[in-house]
Each structure stands twice: as structure tokens, then as C-alpha cells.
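See structure below.
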Amino acid sequence: MTEQQPYDVVRSYDLFELRRYPEHLVAEVIVGGPFKDAGNRAFRYLFAYISGENASREKVAMTAPVIQEDSSSSIAMTAPVLQQQAEERSGDGAEGSFVVAFVLPAALSINSAPRPKNDRVQLRVVAEGLVAAIRYRGRWTEEGYVSQLAQLRSAIAAAGFSATGEPRFARFDPPFRPSFLRRNEVMLDVDGADSPDPR
């Protein structure tokens with residue numbers, strides 16, 4: 001079983017879940033290309049790192065999700081893979097720049113994690129934070145991501161929250177899993193100061 005990034009559910013809403021993530025460590029890489037290809041382009045570098053391409057030749061357990069986001073922003077991850085984007089895009093398949101990250105196991109810290117041998121792979125500590133997440137199933141398309149992000153933005157605004165960072169796309173399953181079974185999420189850091197009992 002792949003380790004899942006830990007978090008506490010603060011409150012469940014109709015369309016999204018409000019979560020508190022503890023401080024955690026990610027290994028991340030910046031890649032160019034279209035949204036749908038960013039995860040695959042980055043995977044080989046990140047997988048090589050956790051497979052022993054590091055200073056101590058140590059294997060690191062895979063965590064879910066993988067996270068993708070805009071390369072001008074910061075990201076977080078375990079299992080899932082997270083993906084975030086750097087530039088505005090005109091549509092699915094348009095070029096962009098993305099940070100893709102593996103969330104490392106909770107037992108690792110910035111001091112205990114093995115150092116990457118490849119300069120493209122960087123380690124980063126992500127601070128504790130309050131996150132709104134919407135879950136959906138389906139293919140890893142930009143169209144699906146954008147649609148779910150619009151729903152999440154609308155839902156958190158209606159609940160009285162303000163987004164405080166860039167959106168992230170989280171993938172929890174391997175590519176061989178049928179798309180209708182894949183767990184995907186869109187995540188946004190939020191400011192809960194104006195909402196009742198954000199913790």
C-alpha cells in the first residue's frame with residue numbers, strides 16, 4: 001500500500017473538504033510542456049530519486065499524491081502527485097511550466113532525507129496549512145482540472161473562505177489504473193480567519 005499524505009479533516013462541505021495539513025517535505029522538479037504531459041515528464045526524475053539516485057543511495061517509499069502546480073508558486077505532496085502551473089494557458093495542450101512534486105514520507109525531515117544527485121530535483125519544506133480540496137474521478141486532463149477548480153473556487157467563496165495561494169492538481173493513482181477509478185483532487189490554500197471555527 002502506498003503511504004498517504006496525512007491530514008486532519010476540519011469540516012466537510014457539500015462540494016469540498018476543509019483540511020489541515022501538517023508541515024511536510026517534498027521532492028520537486030520543474031518541467032515544461034502541456035499540462036497533461038507534465039506529470040509524466042517529471043516522474044522519471046522523481047522516481048529515480050526515490051529509487052536510490054541520491055547521495056546515500058537510499059530508497060524512499062512512494063507516497064500519494066503526486067502534486068502539480070504553477071512553477072512560479074510552491075507546492076506540497078505525498079500520495080498524491082501534485083501539479084501546479086507557471087503560466088496562463090490558452091487551452092488543453094498549450095505549453096506551460098509546472099512544478100511536479102512527490103510528498104516524502106512523514107518520517108523524513110529536511111535533515112534526514114537523502115540528498116538528490118540530480119540538480120533538477122529539489123527538496124523543500126511545506127509549512128502547515130489550511131487547504132480546501134475537491135475530489136473527482138476521471139482522466140488527467142486540463143479541461144477536467146479547470147472545471148473542478150472553478151467549482152472549488154465558487155464553493156469556498158460561498159462558504160466564506162478566501163484562497164491564499166495557487167491551485168494544485170493532485171493525482172493519487174498510477175497511470176495503468178482505469179481513468180474512471182482514478183482519484184484526483186484540486187487543492188487551494190485558504191484563509192480561515194473570517195470563517196467560524198477554521199480549526
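Below, the figures for the structure above:
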quantity: Check on Leu25, outside any loop (DSSP other than H, G, I, E, B), of a type outside the set (Val, Ile, Thr), modelled with pLDDT of 95 or more and closer than 17 Å to Pro174 by Cβ; calculated: no
quantity: Hits in the range 154-163 (condition: surrounded by fewer than 12 Cβ atoms within 10 Å (Cβ to Cβ) and in contact (Cβ under 8 Å) with a residue 40 or more places away in the chain); calculated: none
quantity: Yes/no for Val10 being under 12 Å from Val66 (Cα atoms) and modelled with pLDDT of 95 or more; calculated: no
quantity: Residue identified as closer than 21 Å to Trp140 by Cα, modelled with pLDDT under 95 and surrounded by 22 or more Cβ atoms within 10 Å (Cβ to Cβ) among Gln68, Gln4; calculated: Gln68
quantity: Any hit, the range 131-141, residues being part of a helix (DSSP H, G or I) and either touching a residue at least 40 places away in the same chain (Cβ under 8 Å) or on the phi > 0 side of the Ramachandran plot (or both); calculated: no
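Rundown of residues vs (1) touching a Lys or Arg at 6+ places or on another chain (Cβ under 6 Å); (2) surrounded by fewer than 17 Cβ atoms within 10 Å (Cβ to Cβ); (3) modelled with pLDDT of 95 or more, yes/no style:
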residue: Gly138; (1), (2), (3): no, yes, no
residue: Gln148; (1), (2), (3): no, no, yes
residue: Leu152; (1), (2), (3): no, no, yes
residue: Gly165; (1), (2), (3): no, no, no
residue: Asp173; (1), (2), (3): yes, no, no
residue: Ser179; (1), (2), (3): yes, yes, no
residue: Val186; (1), (2), (3): no, no, yes
residue: Gly192; (1), (2), (3): no, no, no
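Here's the yes/no breakdown for (1) within 16 Å of the chain's Cα centre (by Cα); (2) of a type outside the set (Val, Ile, Thr); (3) under 13 Å from Arg115 (Cα atoms):
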{"residue": "Arg20", "(1), (2), (3)": "yes, yes, no"}
{"residue": "Val29", "(1), (2), (3)": "yes, no, no"}
{"residue": "Gly33", "(1), (2), (3)": "no, yes, no"}
{"residue": "Arg57", "(1), (2), (3)": "no, yes, yes"}
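The values are calculated or read from the model by the stated rules, or taken from the named source; none is laboratory data. Fair warning: this is a prediction, and the values are worked out from it, not measured in the lab. When we count neighbours, we look across all protein chains shown, and the Cβ atoms used for this are built from the backbone with ideal geometry, even at glycine.
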